Amino acid sequence: MTVLGVAGFAAGLILYLVAKKFNVTEDPRIGEIEEILPGANCGACGRKGCHDFAVECCKAGNLDGLYCPGAGSAGMSGIADVLGIAPGATQIKKAFVRCQGTACNRRIKRDISAIGSCISAKTLAMPEGYCTWGCLGGGDCIKACRFDAMDWDRENNMPIIDTDRCVGCGACADACPQSLILLREAKPETATVVVACSNRDKGAAARKACATACIGCGKCQRTCRFGAIKVTGNLASIDPALCTACGECIAGCPTSAITSFGNIIAPTINRNA
Amino acid sequence: MESNRITVTGSPHVSAQRTTQRVMLNVILALLPAMACGIWIFGWRSAAVAAVAIIACMLTEYVCARYMLGRRDSLRDCTAIVTGLLLAMTLPSSIPLPMAFAGGVFAIGVGKMAFGGTGQNIFNPALVGRVFLLISFPVEMTTWPLPLSPDGMTGATLLSAMKESGVDASSIDLIQISLGNMGGSLGEVGAIALVAGWIYLTARRIVRLVIPLSILGAVVLLAALTGNNIAVELLSGGLLLGTFFMATDYVTSPMTTKGMLIYGILIGAITFVIRHYGSYPEGISFAILIMNGCTPLINKLTRPRLFGERRKK
Amino acid sequence: MKHITTFGKTGVHPPEMKLTAGSPIKEMPLPRRIELSLAQSLGRPAKAIVKAGDHVSRFDMVGEAQGPVSANVHTPISGTVKSIGTITTTDGHGAEGIIIEASDEDHAADLQSMCDAAPRIGFDAINRLTGDEIIDTIRRAGIVGMGGAAFPTATKLSPPPGSPQCEFLLINGAECEPYLTCDDAIMREMPHEIITGIEIMLKALGQNVRCIIGIEDNKPQAIKAMTVAARSHERISVAAMRTRYPQGGEKMLTKALTRREIAPGALPISEGVIIQNVATALAVYHAVVWGIPLVERVMTVSGNDYLSRCNYRVPIGTPVSDIIAALGEIPPSTVKIVNGGTMMGRAMAGIQGSTTKGMSGLLLLSSGESPQRPSTPCVRCGKCVEVCPMGLEPYLLARLSELGRTDDAAAHHVTDCMECGCCSYSCMAGRRLLDWIKVGKTLARKK
């Protein structure tokens, strides 16, 4: 009995000393910040996971260059509160797919028995005239999304992005072997105008492949009053810094390759005029 | 029109003829002689037990796959039939039919579907079912009807007789027991039929020789070292049934030849130890289940050698 | 002849389906229009050195190699350069290419020049050539490995300084792929030419190099022909190998013929071995003795239901539709068109594109030959592990790739997979193991 008691006491003492010696005091704010973070460990912030991000926030003492798309601006101001500093200005980015090559828009279709992977689908043969730039339909982006913001549109054979849920982490963009997904700033007050096509083939070939292909005609470039659109390599691109989301290019595009997401905007020019 | 019929897939563009379904049908075929032997020895009640166990397994498989995994075609690969048949063959023919049914439900439900269905289970489902019954209903599971006795006389198996009543091994008629004229579960008694089934599976290259030979080799070696009767050791109990049809189960056995060797030798050794030094008369079920649990570890330790990789000095 | 040998217990033995074995090499009529891809070798595509509207003569160089792993491209016909730009390839992805069309005069001149052809140098002159001269001729002729990888031969024959001394020149006549018989055909019909090609390469490699020609034992006529042709050459021997796929893979061939194992990720030269295909040896012969660049190759056009199947000598750049037009319509039962063999070849999306230097076969497969199997759960039978010639665990790699666990897949050596397809072939659950492993390889390389 005595022996056991002494042994127990000694063991307890050793445990206490060891705990004291190897005690790591963690900044309690790290835990608080982690509570705010989504905990998806998506890596969109550029860190290994949410814990690393929280540690970095505490270490840096300010939020320069630190932004968690998952937490959003509300979350970031929460983190700023924890740190006792003023929240910085944040940019909300949303992902969009630069392809509208849906089952009905594509004129030349592909019959493959793929394994549900875009990387695999990309290596397989494509029929003559098929758009080699567009969506491969393997769903890699959907698998990559940690915020349940992407879903498969069975009817169109394309992914769809729920812009409300999208936090702009860019995981889908990294997963897409065709580099179809781009992150663009979503302005709260207007829509975001985008070129939803990646086809760089010459106009005739692009048009043959898909009804909604950018044929590089340059009409949008001429229409834009702000010089925001440039056509290079048979593909239009919009400079987000210059775009005012007036919508004239959307109305003018002969193949509806230019479209918008976010708030619905009324085109200022009638399409039929 | 033309290009629509052409399919595009990744290579290779040909495949071997073997499918899971075909393999399982072959296993069933290989089990049939031993099953017939059981019916011949213990009467038609054996067939009823087998039918109940198979129905229980198939029903459980279908319900679980359909409503838990959302898979409709899981019965097609015939693995549930194999499990049911194997389970029945480890049961005494006198077992009450509801118990056989419960064993089948447990085997598939807990032994297989709880892990995620075909290919995901760690333990051999049929043995999980058998051990469940053995622990839950020890009396019914160890009441063995005597062979060729329609009046329901019961007795002990060879192993339990040897263990408990000290029957001398040398007094046993080997020819009689290899023909199945002994007490035991309905599938384990027909040694010749079991061997025939195994030879068929081996000739069709469905099972490899490594596991059965290493189990039997280990048992023979241990029996010889301890001065036991080798033939009785091999022919009695469920050793042959377990060795040929349960230890060789694809899902729960190791992948590489080296792994199979370790797995087989340890099954043989554990079986022998339980038989002679444990409290149960028969140990093959436990030995296989224990080694099933070790299979992931064995797989990890016996990776194949990468081509061209030099051994570290 | 050496004793029968093979690379080990791994691999598979699919039905050989050598439907065109023993059929003579048929000559394709010279096409009037060719679509010549400039990306016919590993490495960077060649650069076009002609303009649209230029007139080119047969065997003229039209594309210039860009760097050591790129190869020159020559035209097999005389004619006018129609356009330079993206052409359709057999895989439909498109590549930079040159379209050349022959007028009636061009065509007539080509036919005449074929009749007038004569060797450029005599056999005794070969002995006077230096190694550098030979390698230079091979480089200029745009010769690449014709087994499929399309690695420039000249670069392979001149190992970088500091690499081990070459001891063996292994000539790959294994042709382990089902259906394909083009290498068999050239070995049967042109053994002396191949041996001369080998001699030329041996000369370029130096005195101490021995040559072993490895041929699988399902080609007894080829073994016999090559053995007879090699009889008077003491540095060249013929070895019969037990038929086993993937024996034509460079590591497997090296193991089978020399018992040496090339380390993972290493080149054959690390074991003192250089491997060339028999068709490459033939191309070397044509380039050095006749001065003809690599502008044609023998390919197998086959399929169980394709009755006009044969070994076909085809100018490189011939549209696939021309081959079908010349030989006969594709049978209505065709469900798959394959560029190459059934194990490693690539399924085509239709009759499209043109032939390249590495295209060894055009297979028209019916559903009976190439069945589509549903994918069922893995039963962990271990067959894929048993057959994998690289000693990998395909079931595990495929699963890790599917789950996106790239780091784990890389730790299990996913990048050492040679994509032979033995795992998918033998999978009883019909799982597309190789497809997933390829995904894992791509992701592992990206990291």
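The values are calculated or read from the model by the stated rules, or taken from the named source; none is laboratory data. All values reported here derive from a predicted model rather than from experimental measurement. Here the Cβ is made from the backbone with ideal geometry for all residues, glycine too, and neighbour counts use every protein chain on show.
Looking at (1) closer than 30 Å to residue C:398 by Cβ; (2) crowded, with 23+ Cβ neighbours inside 10 Å; (3) within 21 Å of the chain's Cα centre (by Cα), which is the one condition that is false for residue B:25?
(2)
Got at least one residue in the range A:9-32 being surrounded by 15 or more Cβ atoms within 10 Å (Cβ to Cβ) and among the aliphatic types (A, V, I, L, M)?
Residues of the range A:9-32 surrounded by 15 or more Cβ atoms within 10 Å (Cβ to Cβ): A:29-30, A:32.
Still in the list and also among the aliphatic types (A, V, I, L, M): A:30.
So far as the range A:9-32 goes, yes, one or more of its residues are surrounded by 15 or more Cβ atoms within 10 Å (Cβ to Cβ) and among the aliphatic types (A, V, I, L, M).
Take residue A:125 and decide whether it is closer than 26 Å to residue A:204 by Cβ, more than 7 Å from every other protein chain (Cβ to nearest Cβ) and either at pLDDT 90 or above or surrounded by 24 or more Cβ atoms within 10 Å (Cβ to Cβ) (or both).
On the way: closer than 26 Å to residue A:204 by Cβ: yes; more than 7 Å from every other protein chain (Cβ to nearest Cβ): no; either at pLDDT 90 or above or surrounded by 24 or more Cβ atoms within 10 Å (Cβ to Cβ) (or both): yes.
Spelling it out, it is not the case that residue A:125 is closer than 26 Å to residue A:204 by Cβ, more than 7 Å from every other protein chain (Cβ to nearest Cβ) and either at pLDDT 90 or above or surrounded by 24 or more Cβ atoms within 10 Å (Cβ to Cβ) (or both).
Check off (1) farther than 30 Å from residue C:10 by Cα; (2) buried (at least 23 other Cβ atoms within 10 Å of the Cβ) for residue C:176 and give me the number that stays unchecked.
Condition not satisfied by residue C:176: (1).
Looking only at the range C:3-57, which residues are without any contact (Cβ under 8 Å) to a residue 40 or more places away in the chain and on the phi > 0 side of the Ramachandran plot?
Scanning the range C:3-57 gives a single hit, C:53.
Would you point out which residue out of B:230, B:267 is among the β-branched types (Val, Ile, Thr) and closer than 25 Å to residue C:385 by Cα?
Numbers: B:230 fails: closer than 25 Å to residue C:385 by Cα.
None of the other options fit; the residue is B:267.
For residue C:235, only one of the following conditions fails: (1) farther than 23 Å from residue C:341 by Cβ; (2) out of contact with any Cys (no Cβ under 8 Å at 6 or more places or on another chain); (3) among the charged types (D, E, K, R). What is its number?
(2)
Can you tell me which of (1) more than 14 Å from chain C (Cβ to nearest Cβ); (2) under 14 Å from the mean Cα position of the chain (by Cα) is the one residue B:82 doesn't meet?
With respect to (1) more than 14 Å from chain C (Cβ to nearest Cβ); (2) under 14 Å from the mean Cα position of the chain (by Cα), residue B:82 is out only on (1).
Within the range C:172-180, is there a residue that is in a helix (DSSP H, G or I) and touching an Asp or Glu at 6+ places or on another chain (Cβ under 7 Å)? Break it down stepwise before answering.
Here is the first cut: in the range C:172-180, the residues in a helix (DSSP H, G or I) are none.
Within the range C:172-180, none of the residues are in a helix (DSSP H, G or I) and touching an Asp or Glu at 6+ places or on another chain (Cβ under 7 Å).
Quick check, is residue A:175 surrounded by fewer than 20 Cβ atoms within 10 Å (Cβ to Cβ), under 16 Å from the mean Cα position of the chain (by Cα) and within 11 Å of chain C (Cβ to nearest Cβ)? Step through it out loud before you land on a result.
On the way: surrounded by fewer than 20 Cβ atoms within 10 Å (Cβ to Cβ): no; under 16 Å from the mean Cα position of the chain (by Cα): yes; within 11 Å of chain C (Cβ to nearest Cβ): yes.
Judged against the criteria, residue A:175 is not a match.
So which of B:206, B:288 ends up being among the aliphatic types (A, V, I, L, M), under 30 Å from residue C:392 (Cα atoms) and at pLDDT 95 or above? Lay out the reasoning, then the answer.
Numbers: B:206 fails: at pLDDT 95 or above.
So the residue among B:206, B:288 that is among the aliphatic types (A, V, I, L, M), under 30 Å from residue C:392 (Cα atoms) and at pLDDT 95 or above is B:288.
Quick one: residue B:260 ticks every box in (1) in contact with a Phe, Trp or Tyr (Cβ under 9 Å, 6 or more places away or on another chain); (2) free of Cβ contacts under 8 Å to residues at least 60 places away in the same chain except a single one, so which number is it?
Just one mismatch for residue B:260, condition (1).
Can you tell me which condition residue C:106 does not meet? The list is (1) part of a helix (DSSP H, G or I); (2) in contact (Cβ under 8 Å) with a residue 60 or more places away in the chain; (3) surrounded by 16 or more Cβ atoms within 10 Å (Cβ to Cβ), and all the others hold.
(2)
Report the residue count in the range A:211-238 for those that are in contact (Cβ under 8 Å) with a residue 12 or more places away in the chain and among the charged types (D, E, K, R).
2
Looking at C:312, C:285, which is the one that is within 30 Å of residue C:131 (Cβ to Cβ) and either touching a residue at least 60 places away in the same chain (Cβ under 8 Å) or among the aliphatic types (A, V, I, L, M) (or both)?
Numbers: C:312 fails: within 30 Å of residue C:131 (Cβ to Cβ).
Answer to the check: C:285.
So residue B:20 ticks every box in (1) over 15 Å from residue B:113 (Cα atoms); (2) out of contact with any Gly (no Cβ under 9 Å at 6 or more places or on another chain); (3) within 14 Å of chain C (Cβ to nearest Cβ) but one. Which box is left unticked?
(2)
Of the conditions (1) out of contact with any Lys or Arg (no Cβ under 9 Å at 6 or more places or on another chain); (2) at pLDDT below 90; (3) not aromatic (Phe, Trp, Tyr), residue B:6 clears all except one; give me its number.
(1)
Mind telling me which of the residues A:85, A:115, A:108 ends up being at pLDDT below 85, crowded, with 23+ Cβ neighbours inside 10 Å and either more than 22 Å from the chain's Cα centre (by Cα) or acidic (Asp, Glu) (or both)?
On the way: A:85 fails: crowded, with 23+ Cβ neighbours inside 10 Å; A:108 fails: crowded, with 23+ Cβ neighbours inside 10 Å.
Result: A:115 is the single residue among A:85, A:115, A:108 that is at pLDDT below 85, crowded, with 23+ Cβ neighbours inside 10 Å and either more than 22 Å from the chain's Cα centre (by Cα) or acidic (Asp, Glu) (or both).
In the range C:383-405, how many residues are free of Cβ contacts under 8 Å to residues at least 12 places away in the same chain and either at the interface with chain B (Cβ under 9 Å from one of its Cβ atoms) or touching a Phe, Trp or Tyr at 6+ places or on another chain (Cβ under 7 Å) (or both)?
Number satisfying all stated conditions: 1.
Inside the range C:412-424, can you point out the residues that are surrounded by fewer than 24 Cβ atoms within 10 Å (Cβ to Cβ) and at the interface with chain B (Cβ under 7 Å from one of its Cβ atoms)?
C:413, C:416
Filter the range A:217-257 down to residues that are under 17 Å from residue A:101 (Cα atoms) and either buried (at least 21 other Cβ atoms within 10 Å of the Cβ) or among the charged types (D, E, K, R) (or both), then give me how many there are.
Qualifying residue count, the range A:217-257: 4.
Only one of (1) surrounded by 13 or more Cβ atoms within 10 Å (Cβ to Cβ); (2) more than 20 Å from the chain's Cα centre (by Cα); (3) not in a strand (DSSP E or B) is not met by residue C:70, so which one is it?
(2)
Taking only the range C:24-57 into account, find how many residues are in contact with a strand residue (DSSP E or B) (Cβ under 7 Å, 6 or more places away or on another chain), assigned to a loop (DSSP other than H, G, I, E, B), buried (at least 17 other Cβ atoms within 10 Å of the Cβ) and among the small types (Gly, Ala, Ser).
Matching residues across the range C:24-57 total 3.
Looking only at the range C:341-353, which residues are more than 7 Å from every other protein chain (Cβ to nearest Cβ) and without any contact (Cβ under 8 Å) to a residue 60 or more places away in the chain? Before the answer, list the steps.
The initial filter retains those residues of the range C:341-353 that are more than 7 Å from every other protein chain (Cβ to nearest Cβ), namely C:341, C:351, C:353.
Within the range C:341-353, just C:351 meets the criteria.
Mind checking which helices (runs of 4 or more DSSP H) fall wholly inside the range B:1-118 and carry at least 2 residues that are in contact with a helix residue (DSSP H, G or I) (Cβ under 9 Å, 6 or more places away or on another chain) and within 16 Å of residue C:379 (Cα to Cα)?
Working: elements: B:2-5, B:20-42, B:45-64, B:79-89, B:97-109.
It comes to B:20-42, B:79-89.
Working only within the range A:115-132, note down all residues that are touching a Leu at 6+ places or on another chain (Cβ under 8 Å) and either of a type in the set (Lys, Arg) or within 17 Å of residue A:156 (Cβ to Cβ) (or both).
First pass over the range A:115-132, keeping only residues touching a Leu at 6+ places or on another chain (Cβ under 8 Å): A:118-119, A:121-122.
Once the filter is applied, which keeps residues that are touching a Leu at 6+ places or on another chain (Cβ under 8 Å) and either of a type in the set (Lys, Arg) or within 17 Å of residue A:156 (Cβ to Cβ) (or both), the range A:115-132 yields A:118, A:121, A:122.
Table: residues versus (1) under 30 Å from residue C:76 (Cα atoms); (2) more than 10 Å from chain B (Cβ to nearest Cβ); (3) surrounded by fewer than 24 Cβ atoms within 10 Å (Cβ to Cβ).
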residue: C:299; (1), (2), (3): yes, yes, no
residue: C:313; (1), (2), (3): yes, yes, yes
residue: C:333; (1), (2), (3): no, no, yes
residue: C:339; (1), (2), (3): yes, yes, no
residue: C:355; (1), (2), (3): yes, yes, no
residue: C:358; (1), (2), (3): yes, yes, yes
residue: C:373; (1), (2), (3): no, no, yes
